[in-house]
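Shown next, in structure tokens, is the structure this report addresses.
The values are calculated or read from the model by the stated rules, or taken from the named source; none is laboratory data. These numbers come from a predicted model, not from an experiment. Because the Cβ atoms are built from the backbone with ideal geometry, glycine has one as well, and the counts that use them run over all protein chains shown.
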Amino acid sequence: MALPAPAPPSALHDIAGHRLGTPAAIRLIRDKEDLRAALGEAARDDRPFAAMGERATYWHNLSLEGAIVADLSAYDRVLVVDASAGVATVESGITLRALDAALRAHGSHLTMHPDGYGDTLLGSAIANGVTAGIGMMNRDFLDQIVGFEVMLADGRTLQVGASRLRGGRPGAVARGLPDLRSVFFGAEGALGVVTEVDVALLPALFEARIECLTDDDAIDEVVALANTWRRRGVVDTLRWVWTGHGALSVHLSSPVDEAELGARVERVCATLPGWARPEITVFGDDFRRGVSPGYDAKWPGPAGHTWRGGEVPPFFGLDAVVPYGRVGAAYAWARALRVEAVHRRVACYFGPDGVNLGVHCVSESDAARERARSVLEAEVPTLAALDAVPYRPGLTWRDELASRADPATLSTLRAVARVLDPDGRMNPGVGLFASPSATTKEPTHEP
Ligand SMILES: Cc1cc2nc3c(=O)[nH]c(=O)nc-3n(C[C@H](O)[C@H](O)[C@H](O)COP(=O)(O)OP(=O)(O)OC[C@H]3O[C@@H](n4cnc5c(N)ncnc54)[C@H](O)[C@@H]3O)c2cc1C
């Protein structure tokens, strides 16, 4: 009996409801040969190609119309954990939650990760260039991603990271040579597909969290606190969220022991304003080994749940990186926005260099989310005018970014793209590697 033909792919949306197009085919990738075959199919049929994670990016950075799409969610094995070299090598489709758990089983952990669902794939986190979230006051995401391999549109592989470049043991030496890690960091799938990733085994720490409710308008006090702690190594995360009331959350860690962690907690609590009633959670040994029953609670999204295996919750947000001196103005802008019928939060993630400020909207109603999205997207120039650095490119920010960037730098980036992807096949029209377009927000297939 003949097997029924697979259903043709239907139109896809991202988490924010952007129309991504109808792919020609979606190929489930289980190994590099599957990926090479999918790239070959795109070249043979002269089609665009896109690597796809969970479509949870809300700034519109997938271009799937007529494309061969590589679904990387099953390309997720831990390949090697080499304690002597201090590195684990994993496949790029592993989720951040699974990666963190795998690292914790070896006394390590993921030091910095987005403050969203743990269902983000590692390759997507690299392609998106994670810059904000948990741990950002203390670490950069790329610090721990010491090398990786990229498969180019023609199926060749490229090694990035100083050790891979020297032909040495992956990750054993992370620095000392020019390497191309940063070029792929934030490239939004436009240059190649990240395949195997070397993750440094940084020791799991003794961790605690301090949380307290704040006054609605405590932003100035919170910024003052952030300025006090604005040095790497003092606090790991400082996040302030307003959802109708303010809430401050501080993650702390100690590389030494619980007693030293306790002293840090006390010191931070002593600097909190008098009205603060801090609740303190100290994570124990089971957490460090990744087996705590409460462990998954580290990874919920803004509605308090995860989605792996279930429906992706409708979510939209607009973020920018704001200098410390302009956080008050940006916060006032965010509070004054008129977005109705959505659950809205304004979130500030404080880092050593600046503050990631985001307006995040969740709604079960597609219509309400669409309205909120059009209100927020129309605000991109206003937010950019507050001395903010636009967030990731995608299509939401691309024109704003392209209008500010130095033309020589942009043309150099585009020359790099022509070397790596001469036919302009990879996720075309998205990100800074595509030509700017003042007239259209939809992806185009320009080379
Ligand atoms: C509630 C919420 C909170 C968030 N908080 C933060 C935060 O604090 N900090 C932060 O930095 N981000 C944050 N994000 C953004 C989050 O990091 C991204 O949405 C997430 O990385 C998307 O993962 P995904 O697997 O769904 O990728 P997708 O949306 O499917 O893909 C994202 C991009 O990655 C490319 N891609 C995927 N895999 C590969 C690969 N192997 N090689 C090359 N390109 C690839 C795709 O082509 C696409 O351009 C948040 C998101 C949500 C929803």
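Quick one: which residue in Arg232, Arg239 is basic (Lys, Arg), crowded, with 16+ Cβ neighbours inside 10 Å and touching a residue at least 24 places away in the same chain (Cβ under 8 Å)? Talk me through it step by step, then tell me what you get.
On the way: Arg232 fails: crowded, with 16+ Cβ neighbours inside 10 Å.
Step by step, each of Arg232, Arg239 is checked, and only Arg239 is basic (Lys, Arg), crowded, with 16+ Cβ neighbours inside 10 Å and touching a residue at least 24 places away in the same chain (Cβ under 8 Å).
What are the pairs with Cβ atoms under 7 angstrom where one residue, in the stretch 343-367, is in contact (Cβ under 8 Å) with a residue 60 or more places away in the chain and closer than 23 Å to Val130 by Cβ and the other, located anywhere, is polar (S, T, N, Q) and away from the ligand (no atom under 12 Å from the Cβ)? Sequence gap at least six, or different chains.
Arg345/Thr243
Regarding the stretch 312-323, can at least one residue be identified that is of a type outside the set (Val, Ile, Thr) and in a helix (DSSP H, G or I)? Lay out the reasoning, then the answer.
Filtering the stretch 312-323 for residues of a type outside the set (Val, Ile, Thr) gives 313-320, 323.
If we keep only those that are in a helix (DSSP H, G or I) too, we end up with none.
Taking every residue of the stretch 312-323 in turn, none turns out to be of a type outside the set (Val, Ile, Thr) and in a helix (DSSP H, G or I).
From the set of residues in the stretch 110-162 that are assigned to a strand (DSSP E or B) and within 10 Å of the chain's Cα centre (by Cα), which is nearest to the ligand (Cβ to nearest atom)? Walk me through it before giving the result.
Taking the stretch 110-162 as the starting set, the residues that turn out to be assigned to a strand (DSSP E or B) are 113, 121, 134, 145-151, 157-160.
When the remaining residues are screened for being within 10 Å of the chain's Cα centre (by Cα), the result is 113, 121.
On the way: His113: 8, Leu121: 4 Å.
The residue in question is Leu121.
Cβ-Cβ distance below 9 Å, separation of 6 or more or different chains: which pairs start in the stretch 80-100 with a residue that is part of a loop (DSSP other than H, G, I, E, B) and end on one that is aromatic (Phe, Trp, Tyr) and surrounded by 24 or more Cβ atoms within 10 Å (Cβ to Cβ)?
Every condition considered, the pairs that remain are Ser92/Tyr75; Ser92/Phe148; Gly93/Tyr75; Ile94/Tyr75.
Within the stretch 327-353, can you find the residues that are farther than 25 Å from Phe141 by Cα, surrounded by fewer than 17 Cβ atoms within 10 Å (Cβ to Cβ) and modelled with pLDDT of 90 or more?
Correct list: Gly328, Ala329, Ala332.
Return yes when Ala50 is near the ligand (Cβ under 10 Å from one of its atoms), among the hydrophobic types (A, V, I, L, M, F, W, C), in a loop (DSSP other than H, G, I, E, B) and in contact (Cβ under 8 Å) with a residue 60 or more places away in the chain and no when it is not. If you could, list the steps in order and put the result at the bottom.
Numbers: near the ligand (Cβ under 10 Å from one of its atoms): yes; among the hydrophobic types (A, V, I, L, M, F, W, C): yes; in a loop (DSSP other than H, G, I, E, B): no; in contact (Cβ under 8 Å) with a residue 60 or more places away in the chain: yes.
No.
Go through the stretch 168-199 and count every residue that is outside any helix (DSSP H, G or I) and either within 16 Å of the ligand (Cβ to nearest atom) or outside the structural domain of Ala127 (by TED's automatic domain parsing) (or both). Working first, answer last.
If we filter the stretch 168-199 for residues that are outside any helix (DSSP H, G or I), which is where we start, we get 168-180, 185-199.
Add one more test, that the residue is either within 16 Å of the ligand (Cβ to nearest atom) or outside the structural domain of Ala127 (by TED's automatic domain parsing) (or both), and what stays is 180, 185-199.
Matching residues across the stretch 168-199 total 16.
Return yes or no: is Glu364 of a type outside the set (Phe, Trp, Tyr), within 16 Å of the ligand (Cβ to nearest atom) and either part of a loop (DSSP other than H, G, I, E, B) or out of contact with any Gly (no Cβ under 8 Å at 6 or more places or on another chain) (or both)? Spell out the reasoning first.
Details: of a type outside the set (Phe, Trp, Tyr): yes; within 16 Å of the ligand (Cβ to nearest atom): yes; either part of a loop (DSSP other than H, G, I, E, B) or out of contact with any Gly (no Cβ under 8 Å at 6 or more places or on another chain) (or both): yes.
Against the criterion (of a type outside the set (Phe, Trp, Tyr), within 16 Å of the ligand (Cβ to nearest atom) and either part of a loop (DSSP other than H, G, I, E, B) or out of contact with any Gly (no Cβ under 8 Å at 6 or more places or on another chain) (or both)), Glu364 qualifies.
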